[in-house]
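Each remark here refers to the structure printed beneath this line.
The values are calculated or read from the model by the stated rules, or taken from the named source; none is laboratory data. Treat the numbers as computed from the prediction; the structure is a model and nothing was measured. Cβ placement follows ideal geometry from the backbone for every residue including glycine, while neighbour counts extend to all protein chains displayed.
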């Protein structure tokens, strides 16, 4: 089954509310509510924040976020294991290899 995404859906470069709802309905087969819209906009903002950064910059920031999360209790190995369990099956061999490296880095 081909993967579908919101990337490239908008002709203007920014998805408006109707475009997001229409594409989500097409992808999910159901209507979405305003909470879903704000979540999609948050994701779009996060993508823009990290756009153009090198892999080293991204890894450094990820490690900083994980370190902070360990200190404040919002991140631990159980959360990491659960994330891995949910994400790894959707990845190909190369992506999984990279994820394994990231998980190892975050365990330190």
The condition of being touching a helix residue (DSSP H, G or I) at 6+ places or on another chain (Cβ under 9 Å), modelled with pLDDT under 65 and exposed (fewer than 10 other Cβ atoms within 10 Å of the Cβ) holds, among 5, 10, only for 5
With the checklist (1) under 30 Å from residue 107 (Cα atoms); (2) exposed (fewer than 10 other Cβ atoms within 10 Å of the Cβ); (3) at pLDDT below 90 in hand, flag the one item residue 44 doesn't pass. (2)
